[in-house]
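The block underneath contains the structure these notes are about, expressed in structure tokens.
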Amino acid sequence: MAATSTTNGTARSLPAGEVAANVTEALSRVMAELPGIGKDERAAPQQGGYAYRGIEAITRAVQPLFAHHGVLLVPHVQAHEVEHVEVGGKPWTDTRLLVTYTAYGPGGPEDHIEVGPIFAIGRDGADKGANKAMTQAYKYALLQLLAVSDTKDDGDAGSIEADQSATSGHQPPWWEVAGYPDEEEGHSIVDGLNAALCQLPADRRGPVREWLKKRGYPGTVPVVVRQADVAALEDQIAAVLSPPEDAEGDGATEGDGGEPFE
């Protein structure tokens, strides 16, 4: 009996017994069958009015293909931080998350690969900051996992109130504030640095944490590292991972307060 797959409301027949051998093959099939996803949504005028791909359009195209090929994507929040900010004279929050995803294939729990970590930020004036950040993380996980090119995210399409002190009349995106030329490069660099920070041995994080605090960062991850500080932070991480040859003891670094990156 032939199986069927539904994409954008159109059912198509597939040969009986068409089952991928593992998750990587299943994902390759999803990529091959994924239809073009147009930038059919438009940001608000105060946000620039540009066209972008919304998360609903992406999941509408991906979900039936995942179901047909036996792919399941499960999120894991590795680190989070909530910062209180003021926008237009009103209290808001920036919720920053570092999220990894486990992509399971048709072979069951042992058939999986890891995706990420993905850095995401959700700004909100109520209690939806985490929801927005998770939506952004999921969208970028799908875009990167399935090689769908996009340089905007759903957060840009939101109606974030403008900072009345800004002469431009709108709040610039995080990657622009941090000095990156575009969001794609910002995500690439920031995601990589946060992953490296999370992998530092717990007993060696003190110097890096202090370095971050001296430059105005919170000393926790995820952190939005300014482009101007990237090279210096990479040097700090490298120094921690390459202690002096004559170091004694268990590798603990002087000045470590014992607080984990969390």
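Just give me the residues in segment 77-100 being under 24 Å from GLN199 (Cα atoms) and of a type in the set (A, V, I, L, M), in sequence order.
VAL77, ALA79, VAL82, LEU97, LEU98, VAL99
Residue-by-condition table, conditions (1) under 23 Å from the mean Cα position of the chain (by Cα); (2) at pLDDT below 80; (3) not in a strand (DSSP E or B):
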{"residue": "GLY17", "(1), (2), (3)": "no, yes, yes"}
{"residue": "ARG29", "(1), (2), (3)": "no, no, yes"}
{"residue": "ILE58", "(1), (2), (3)": "yes, no, yes"}
{"residue": "LEU65", "(1), (2), (3)": "yes, no, yes"}
{"residue": "HIS68", "(1), (2), (3)": "no, no, yes"}
{"residue": "HIS76", "(1), (2), (3)": "yes, no, no"}
{"residue": "HIS80", "(1), (2), (3)": "yes, no, no"}
{"residue": "HIS84", "(1), (2), (3)": "yes, no, no"}
{"residue": "ALA103", "(1), (2), (3)": "yes, no, no"}
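Only one residue in PRO222, PRO181 is in contact with a helix residue (DSSP H, G or I) (Cβ under 7 Å, 6 or more places away or on another chain), outside any helix (DSSP H, G or I) and under 19 Å from TYR140 (Cβ atoms), so which one is that?
On the way: PRO181 fails: in contact with a helix residue (DSSP H, G or I) (Cβ under 7 Å, 6 or more places away or on another chain).
Residue meeting the stated conditions: PRO222.
The values are calculated or read from the model by the stated rules, or taken from the named source; none is laboratory data. Owing to the predicted nature of the structure, the values given are computational and were not obtained by experimental measurement. Note that we place each Cβ from the backbone using ideal geometry, even for glycine, and neighbour counts take in every protein chain shown.
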